[in-house]
1. What figure in square angstrom, to the nearest 10, would you give for the accessible area of ARG199 with a 1.4 Å probe?
2. 5 Å is the cut-off here: which amide hydrogens, built 1.01 Å from N in the peptide plane, fall below it relative to VAL55, excluding neighbours closer than 5 in sequence?
3. Could you work out what % of the accessible surface of the range 1-44 is carbon and sulfur, using a 1.4 angstrom probe and leaving DNA, RNA and ligands out of the count?
4. Taking the Cα of ARG105, stepping 7 Å toward and past its beta carbon, and measuring to each backbone N in the range 44-75: which are under 19 Å?
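The values are calculated or read from the model by the stated rules, or taken from the named source; none is laboratory data. What you see is a predicted model; the values in this text were computed from it and never measured. Cβ coordinates were reconstructed from backbone atoms using ideal geometry, including for glycine residues, and neighbour counts include every protein chain displayed. Each accessible area value is taken on the protein alone, full model and side chains, heavy atoms only, with ligands, DNA and RNA left out. Shrake-Rupley method; radii C 1.70, N 1.55, O 1.52, S 1.80 Å.
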Amino acid sequence: MTTTAMALVAAAPTLFRQGLLALFRERWPQVRLTLTADATQVADLVAHRTFRVLVLDEALPGLVLPALLARLHRVRPSQRLLVLAEPRKRPSADNLAGWPGTRLRVPRHVPPPALVATLAPWLEVLPEAASLPPTPPALSSGFSARELEVLRLVVDDCCNEEIASRLFLSVRTVESHRRTLLHKAGTRTLVGLAARAVREGWVA
């Protein structure tokens, strides 16, 4: 009897998570995904279910990474964990030490092909995953440098005002860039835009 492989994704319900889930469902559609946006639930979920991999967004509200790692080590020492690291946070050298081969840390906005390559050793034993051809990253040459800056902040779930403040633009200009991004990406919603941006590697 074949056991269904499961993966746990611990991330806030943002556009970033939507893109991450779209990538999972495209590359490993046979993997059953469990979602949580509550950092306090992660260790309990891992203790009661067997997950092939735990993908943990370091931007998850309420997350205290060292404490969670300690709990995970107690309840399931061999749990495979991929931490999507916040670029503004300085990682502690000890946070992921002590569990070679089962704890990995990559930047939160790593290109999708690199994320797939990171997860593949933990998921490639699945027949369906092994038979999938590699998906080449789409060219982002259709976007201007400014549009790509706006796109990254859209994927990071920033509102128009936040994007305008960070890029020193007017809100109206940001709205114009977002309309252009939706048109060029061939999507109708920001969720669809974020999903495709993560999947295609436009925000690497």
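1. My reading of the accessible area for ARG199 is about 70 Å².
2. Here LEU8, VAL9, ALA10, LEU82 satisfy the definition.
3. 50
4. 54-74
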